[in-house]
Amino acid sequence: MRLWVALLLSMVLLGGCGASPSVNNGADTAQATLPIVGPRWTLTLLGTDQPWQGEAAAYFELQPEGDTLRLSGSDGCNRLMGKAELGEGNRIAISEVISTRMACPGLAQSTQVSHLLSQAHRYLIDHDRLVLMGRDGHVLAGFKRQK
């Protein structure tokens, strides 16, 4: 009887050894199908009425990377990188935003881009337009999807 219990216990304890080291719970697959993931979103407005005036385009893209979303883009001068999480009700949380530190003309608006991305709490997409909103519901920025 002891041998049988020991054998059964060994089978239970060792049963997971051959399993895959990562389990896909479907969350990353579901996020990858959302319309905000994939395309390049080019900044057109800061707030609701300040047009982007940088010499180069400011933009971001979200791409699946394992079970997270990787943010990459530009503030119109410096390259941006970070992580993003999407949730129910069009929630978005952008974190760990880092950038290169080049000196460029038109830097006044460029310095606002990483800040507004990290403040985003919710998003709304209407056709080829994306609006990022803060926690209090105010509009942070408007973007246009590039093809």
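Among residues belonging to the stretch 65-74 that are modelled with pLDDT under 95 and in a strand (DSSP E or B), point out the one that is least open to solvent (accessible area, probe 1.4 Å).
Residue satisfying both the conditions and the ranking: 68.
Can you go through 142, 137 and tell me which one is open to solvent by less than 50 Å² (accessible area, probe 1.4 Å), under 17 Å from residue 41 (Cβ atoms) and not aromatic (Phe, Trp, Tyr)?
The match here is 142.
Could you tell me which residue of the stretch 87-132 is nearest to residue 60 (Cα to Cα), considering only residues that are under 11 Å from the mean Cα position of the chain (by Cα) and surrounded by 18 or more Cβ atoms within 10 Å (Cβ to Cβ)?
117
Inside the stretch 104-147, counting only strands (runs of 3 or more DSSP E) that do not spill past its ends, which hold 3 or more residues that are among the hydrophobic types (A, V, I, L, M, F, W, C)?
Fully inside the stretch 104-147 and qualifying: 129-133, 139-146.
The values are calculated or read from the model by the stated rules, or taken from the named source; none is laboratory data. All figures in this text were calculated on a predicted structure; none of them were measured in a lab. Every residue, glycine as well, gets a Cβ built from its backbone with ideal geometry; the counts of neighbours run over all protein chains shown. What goes into the accessible areas is simple: the full protein's heavy atoms, side chains included, and nothing from ligands, DNA or RNA. Shrake-Rupley method; radii C 1.70, N 1.55, O 1.52, S 1.80 Å.
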